[in-house]
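The values are calculated or read from the model by the stated rules, or taken from the named source; none is laboratory data. Fair warning: this is a prediction, and the values are worked out from it, not measured in the lab. For neighbour counting, all protein chains shown are included, and Cβ atoms are generated from backbone atoms with ideal geometry for every residue, glycine included.
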Amino acid sequence: MAQLLDKRKFYINGEWIAPSRPNDFEVIDPSTEEAIAVISLGNQADTDRAVAAAIGAFPTWSQTSPAERLAYVEKILEIYNARATEMAAAITSEMGAPRDMSLAYQVEAGTHHIENFITAFKNFEFVRPLGDHAPSTMVAWEPVGVVGLITPWNWPMNQLTLKVIPSLLVGNTAVLKPSEIAPLSSLLFAEIVHEAGVPKGVFNLVNGDGAGVGTQLSTHPGVDMVSFTGSTRAGIAITKAAADTLKKVTLELGGKGANLIFADADQKAVEWGVWRCFFNSGQSCNAPTRMLVERSAYDLAVETAARLARETVVASAHQSGDHLGPVVSKLQWDKIQDLIQLGISEGARLVAGGPGLPEGVNQGYFVRPTVFADVNNRMTIARQEIFGPVLSIIPFDSEEEAIEIANDTIYGLTNFVQSQDGARRNRVARRLRAGMIEMNRESRGAGSAFGGIKASGRAREGGIMGLEEFMDAKHISAWDTGVSPLKQ
């Protein structure tokens, strides 16, 4: 067995330091089920030290010019891109994204967000008039202070960059707690921040679990804001934990996306829906896991989805190629297996996949790409977020029924509409209860905010709204417009 990578140290106040008390935790490669690294889970003393560093750095960092902060982020982007292959390898090893997918999508998501934040920031007006009716009343956008950032394992750099980059750009200082299951990419990102020369204390990283460092950041009186991405259950716990200190809390949580496919949709609608559901082994909060199909197109859609699932290759994340890797952990694998079994026992029609490991696989947390037909919204698989490559197909008879089924969920993150009728698309999009609607497989434009409503949380991450998420608005009267520039 290869020697474990020793990643026990935390990044605090510009230095790599040992934990105050050892608490080893092994990082498992989900393709092999073997330990590949050891980290330490932090405790209150470690969290306190990181928060103190962020507090100490805030007065100076918050007063640096936007141009100076932008230069640091541009340097981070340069180094991030130079170390892209290294970053992809870390993500593959820690959470199982296949090698090619990890580089092309997982790492690229970070590049995409950093670039979009740079674009939004260059034109951001930190002091702007309230309106023509009140020319001497200004809205000043200012950093919140010290922010605690808690990120998940499923899209490590996607979520890290959506939090760390805007936080730094607008003048906050930060303490990051990445997922303890997949911390290696975040530790590499801390190296990148250090190499970019970001001043001491501006960015800090403490590994830990949710009950430990996550709760400590949420309750810490020195932390002004917590930004969390993860499960709805954990988001509720963080909100309650943060209440006593009245800190700002933003949450990006789970989803149960509905993909409404009308009979007039093109032939690729179903194919794309299956691919998009299975992508990243189904471990995306915005995956279209409920495929709603108009009755006249339903049988063909079921047949197509079943065929595509059977054709989907599952293999080690360390192999090149277009295939699915494992899910992240034994805990997740067990949860997915239980839900697949529930789908069968509750009467859904299994048309592809099912419980157990894929054929020929005897190690790793691999899930058979699974499709259920004849699902209804009372079934557990239609209501719970499975977070695996499991698709539920539900028939509908009318536009009204499709909207009703889609909205019958506690979640409200992303819904999808496939139709050649533009008036229908617009009409349906306005009635769907979600933070994001994607239609006819067209991605939302660069700088669009990512976030939902209801049990999906109400964060708005990315672009201009993602910058404002990490700031407070101050309203000022009697501003002398002849003295200070409006863009500061």
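One line per residue, one yes/no per condition, for (1) surrounded by 22 or more Cβ atoms within 10 Å (Cβ to Cβ); (2) within 26 Å of His112 (Cα to Cα):
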residue	(1), (2)
Met439	no, yes
Gly445	no, yes
Ser448	no, yes
Ala455	no, no
Arg460	no, yes
Gly466	yes, yes
Gly482	no, no
Just checking, how many residues over region 321-349 are of a type in the set (A, V, I, L, M), farther than 27 Å from Asp299 by Cα and part of a loop (DSSP other than H, G, I, E, B)?
-> 2
Any residue in region 260-274 that's more than 17 Å from Ser296 (Cα to Cα): show its pairings with residues that are part of a loop (DSSP other than H, G, I, E, B) and not basic (Lys, Arg) at Cβ separation under 7 Å, as long as the two are six or more apart or on different chains.
-> Gly273/Pro288
Arg433: assigned to a loop (DSSP other than H, G, I, E, B) and surrounded by 13 or more Cβ atoms within 10 Å (Cβ to Cβ), yes or no?
-> yes
Determine if region 361-382 includes at least one residue that is buried (at least 21 other Cβ atoms within 10 Å of the Cβ) and of a type in the set (Lys, Arg).
-> yes
Residue check for Asp224: in contact with a strand residue (DSSP E or B) (Cβ under 9 Å, 6 or more places away or on another chain), within 23 Å of Pro152 (Cα to Cα), acidic (Asp, Glu) and modelled with pLDDT of 95 or more | yes
Can you find even one residue in region 8-24 that is within 25 Å of Val361 (Cα to Cα), touching a residue at least 60 places away in the same chain (Cβ under 8 Å) and loosely packed, with under 15 Cβ neighbours inside 10 Å?
-> no
Hey, does region 330-348 have a residue that's surrounded by fewer than 16 Cβ atoms within 10 Å (Cβ to Cβ) and in contact with a helix residue (DSSP H, G or I) (Cβ under 8 Å, 6 or more places away or on another chain)?
-> yes
Within region 286-316, can you find the residues that are outside any helix (DSSP H, G or I), within 22 Å of Met101 (Cα to Cα) and not hydrophobic (A, V, I, L, M, F, W, C)?
-> Asn286, Pro288, Thr289, Thr312, Ser316
Return yes when Val27 is surrounded by 19 or more Cβ atoms within 10 Å (Cβ to Cβ) and assigned to a strand (DSSP E or B) and no when it is not.
-> yes
If a residue has to be part of a loop (DSSP other than H, G, I, E, B) and surrounded by fewer than 24 Cβ atoms within 10 Å (Cβ to Cβ) to count, how many in region 81-118 make the cut?
-> 1
With respect to Arg99, determine if the residue is touching a His at 6+ places or on another chain (Cβ under 9 Å) and charged (D, E, K, R).
-> yes
Can you name the residue in region 446-488 that is at pLDDT below 95 and of a type in the set (Val, Ile, Thr) and, of all such residues, is nearest to the chain's Cα centre (by Cα)?
-> Thr481
Can we say Asp209 is among the acidic types (Asp, Glu) and either without any contact (Cβ under 8 Å) to a residue 24 or more places away in the chain or touching a Phe, Trp or Tyr at 6+ places or on another chain (Cβ under 9 Å) (or both)?
-> yes
Scan region 407-425 and give yes if some residue there is assigned to a helix (DSSP H, G or I), more than 21 Å from Asn440 (Cβ to Cβ), more than 22 Å from the chain's Cα centre (by Cα) and modelled with pLDDT of 95 or more, otherwise no.
-> no
Only one residue in Asp374, Asp322, Asp334 is touching a residue at least 12 places away in the same chain (Cβ under 8 Å), within 20 Å of Phe279 (Cα to Cα) and of a type in the set (Asp, Glu), so which one is that?
-> Asp322
Filtering region 350-387 for residues that are in a loop (DSSP other than H, G, I, E, B) and within 23 Å of Ile410 (Cα to Cα) leaves a count of 10
Do you know which residues across region 1-24 are in a loop (DSSP other than H, G, I, E, B) and farther than 23 Å from Glu195 by Cα?
-> Met1, Ala2, Gln3, Leu4, Ser20, Arg21, Pro22, Asn23
